[in-house]
Amino acid sequence: MFNDFLIKETLPQLNTKQGDRLKVLLTVMECVEVLVEVAAVQLWGEMGRWAVVTIIQLAKCIGRFLLLLRYKTSIVPSPPIKPLDRRGVINTKQASFMNQTHGSASPEVIRLPCSGRVMRTLAAAPPIHLRTFTLPQPPNNNKNEPVLPKVFSVKHMTAEAMHILRPICHLSGMYLFGQQSWAPWILSLGMDLTSLKLYNETLLSASEKAELAHRRINLLYYLMRSPAFYAVTHRRIRYFLTTVGNRVPLARTICQPLLDYIPEWQKIYAYTWS
């Protein structure tokens, strides 16, 4: 995460009004929660592991509710600070360098100081056959204009609240019914599906729609959670890897370690909800 900040050549503006500090804290928690969970197993055993998992999920739940209710974040992504699109940053820097090299770093439009009229600069004027003669957009210099607070519908709030409470409900169901019970699995999956159905995507931005699409893809992750993993997924993965290892030359050296590691990965990563 901090490497992304260095690549962008800027640190995040930790403005408490926008909840940036809380976003950084939640992102750091999602980065280190697996390490903390593994350390808890080594130090305190399974009971310590589940205690640490519960504490982390409670802290993340409280932080996400603060972003939703206090800082009016419409849809809280996971993680709150997304990884940097490094290819896009490189392309942007290359384009900026080319503009400076060719001497076209002047602004596209200017505002006349007396009349306030917006005019396109000569350097930014397109060729005659491509001109549309439409009014250019003025530069956005009103950075201090007050931003109206967002007002969310009851359905939207209910949908996001169900998504935030889903890990806590799943852990509570595992505590009440056991780790191999289908009840917590069905409960959390039902909350996920209901949450996705309640959103009105016509009122969402492009980034919020992308986050919902990401959540739909993450529904496949339920195949890696108990008891679906041991009842359905594990047998099919084992059959596939065993068949490939026996029939494809030299594939056994890859398939056999995968067969040994997949159950261990499932125990560690299936309950992080990140």
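Go through 202, 185, 232 and say which Cα lies farthest out towards the positive end of the charge dipole of the stretch 160-274; charges sit on Cβ, +1 for Lys and Arg, -1 for Asp and Glu.
232
Report the gain in length on full extension from residue 267 to residue 213: 0.36 nm times residue separation, minus Cα-Cα distance, nm rounded to one decimal. Don't jump to the answer; show the numbers that get you there.
On the way: separation 54, 0.36 × 54 = 19.44 nm, distance 2.61 nm.
Working it through step by step, the gained length comes to 16.8 nm.
Counting only heavy atoms of the protein chains, get the accessible area per residue of the stretch 23-76 (1.4 Å probe) and round it to a whole Å² value. Please list the in-between numbers first.
Numbers: 2770 Å² over 54 residues.
Each residue of the stretch 23-76 exposes 51 Å² on average to a 1.4 Å probe.
Report the accessible area of residue 46, computed with a 1.4 Å probe over the heavy atoms of all protein chains in place, in Å² rounded to the nearest 10.
So the heavy atoms of residue 46 present about 100 Å² to solvent.
Using modelled amide H (1.01 Å from N, peptide plane; none on Pro or chain starts), what sits under 5 Å from the amide H of residue 109, excluding residues fewer than 5 places away?
Placed amide hydrogens put 121 under 5 Å from residue 109.
What ranking of 232, 24 comes out by heavy-atom accessible area, probe 1.4 Å, highest first? Working shown, then result.
On the way: 232 60, 24 25 Å².
Heavy-atom accessible area, descending, gives 232, 24.
For the stretch 185-274, what class follows from the C-alpha gyration tensor (a ≥ b ≥ c being the square roots of its eigenvalues): rounded when a/c is under 1.5, otherwise prolate if a/b is larger than b/c, else oblate? Each step should come with its number before you reach the end.
Numbers: a/c = 3.13, a/b = 2.24, b/c = 1.39.
Because a/c hits 1.5 or more and a/b exceeds b/c, the stretch 185-274 counts as prolate.
The values are calculated or read from the model by the stated rules, or taken from the named source; none is laboratory data. Treat the numbers as computed from the prediction; the structure is a model and nothing was measured. Backbone-built Cβ (ideal geometry, glycine too); neighbour counts: all protein chains shown. Surface areas here come from the heavy atoms of the whole protein model, side chains and all, with no ligands, DNA or RNA. Shrake-Rupley method; radii C 1.70, N 1.55, O 1.52, S 1.80 Å.
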